[in-house]
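J.: Here it is, the structure in full.
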Amino acid sequence: MAFHKPHLLTGLLRLVGKGGPKTQPANPVLQLAHQYTGKFAFLDEQTNKTHQLAVDPDLTIKIDGRALPGQVTGITTEKLTFLDHYGYSLIITSGPTGPATVYDEAEDATYQVIDPNADPQS
């Protein structure tokens, strides 16, 4: 009786198959993005106009329905920093229930995030 030695490749495939599907570790940036994702509003007290702010899961930022050209340059549990195409920062800080303030470097103004269902005033 001859002893049958399994093929190395067959053995490796069996081992891999027994492990089941492997889950990818969560991407920390995507986890942080979730903290900022949603639709919000803020009031510009100078003009008394309410603006709508939306942050998509891919970190696209929209104000009043228009996507801002630029890119996210930093994201932490405390703040999301977006650099626009003019070189100005838009900084969204986070509170216990999501975004709390929006700082617009171009205007040198900080806006409190308010009820997202607030009526926009034109």
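J.: Only residues in region 21-44 that are within 20 Å of ALA100 (Cβ to Cβ) and surrounded by 10 or more Cβ atoms within 10 Å (Cβ to Cβ) count as the first member; pair them with residues that are modelled with pLDDT under 85 and among the charged types (D, E, K, R), Cβ under 7 angstrom, at least 6 apart or cross-chain, and list the lot.
T.: That search, which allows pairs on different chains as well, returns ALA41/ASP115.
J.: Residues of region 62-117 being of a type in the set (Ser, Thr, Tyr) and within 12 Å of HIS51 (Cβ to Cβ), which ones? Even if it seems obvious, please write down each step before you answer.
T.: First, pick out the residues of region 62-117 that are of a type in the set (Ser, Thr, Tyr): 73, 76-77, 81, 86, 88-89, 93-94, 97, 101, 103, 110-111.
Listed by number, the list holds a single entry, TYR111.
J.: Inside region 77-111, can you point out the residues that are among the polar types (S, T, N, Q) and at pLDDT below 95?
T.: Result: THR77, SER94, THR97.
J.: Another question about this same structure. Just to verify a result, which residue in region 88-97, among those that are part of a loop (DSSP other than H, G, I, E, B) and either among the hydroxyl-bearing types (Ser, Thr, Tyr) or in contact (Cβ under 8 Å) with a residue 12 or more places away in the chain (or both), is surrounded by the fewest Cβ atoms within 10 Å (Cβ to Cβ)?
T.: Taking region 88-97 as the starting set, the residues that turn out to be part of a loop (DSSP other than H, G, I, E, B) are 88, 96-97.
Add one more test, that the residue is either among the hydroxyl-bearing types (Ser, Thr, Tyr) or in contact (Cβ under 8 Å) with a residue 12 or more places away in the chain (or both), and what stays is 88, 97.
Numbers: TYR88: 14, THR97: 7.
Looking at residues that are part of a loop (DSSP other than H, G, I, E, B) and either among the hydroxyl-bearing types (Ser, Thr, Tyr) or in contact (Cβ under 8 Å) with a residue 12 or more places away in the chain (or both), I get THR97.
J.: A further question on this structure: Would you mention how many residues in region 47-87 are surrounded by fewer than 16 Cβ atoms within 10 Å (Cβ to Cβ) and part of a loop (DSSP other than H, G, I, E, B)?
T.: Summing the residues that are surrounded by fewer than 16 Cβ atoms within 10 Å (Cβ to Cβ) and part of a loop (DSSP other than H, G, I, E, B) in region 47-87 gives 16.
J.: Output yes when any residue across region 109-122 is surrounded by fewer than 16 Cβ atoms within 10 Å (Cβ to Cβ), part of a strand (DSSP E or B), polar (S, T, N, Q) and over 18 Å from the mean Cα position of the chain (by Cα), and no when none is.
T.: Yes.
The values are calculated or read from the model by the stated rules, or taken from the named source; none is laboratory data. If you're wondering where the values come from, they're calculated on a predicted model, not measured in any experiment. Positions of Cβ are generated from backbone atoms using ideal geometry, with glycine treated the same way; all protein chains shown enter the neighbour counts.
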